[in-house]
1. I need the peptides 96-105, 69-78 ranked by packing, meaning the mean over residues of other C-beta atoms within 10 angstrom, with the highest value on top.
2. Just to be sure I understand the model, the point goes 7 Å from the Cα along the line to the Cβ. What's the resulting V71 to Q14 distance in nm?
3. Quick one: what are the phi-derived ³J(HN,Hα) couplings along region 11-19, Karplus 6.51/-1.76/1.60 with θ = phi - 60°, whole Hz, x for glycine and proline?
Amino acid sequence: MTPAPANVDVSLSQGVAIRWRDGHESHYAIAALRAACPCATCQDLHGEGRAPEPANPLHLFQAAPNRLLEVKPVGRYALHFRFSDGHETGIFTWEYLRSLCACDACRSGR
Ligand SMILES: [Zn+2]
Ligand SMILES: [Zn+2]
């Protein structure tokens, strides 16, 4: 089943918190979102043609951009982030966001 959010809490200076319909909560730092951007440009930089795999947000804080300028829903299936480094081509589906969750339960379940 595709994960769906019950509530999305956006802080442009801190990041995004999502409460899912199944009661799970996920918190995403801005740097982690930026580093995990699924757009073709970013995946080329990270992946060299390999299948995209979600980056581990815990290892990416040194890559830090800074802030979010805008967060917009894309239909009912995704979020679009505009980062303060000017990047804005990534579309984060709920499914992808859920797969990025860095909480203890999700990490040990992987
Ligand atoms: Zn990107
Ligand atoms: Zn989790």
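The numbers here are math on the coordinates, done by the rules we state, and not lab data. These numbers come from a predicted model, not from an experiment. Ideal geometry is used to build each Cβ from the backbone, glycine not excepted, and the neighbour counts take in all protein chains shown.
1. 96-105, 69-78
2. Output for this residue pair reads 1.1 nm.
3. Computed from phi, the couplings for region 11-19 are 10, 5, 9, 10, x, 10, 10, 10, 9 Hz.
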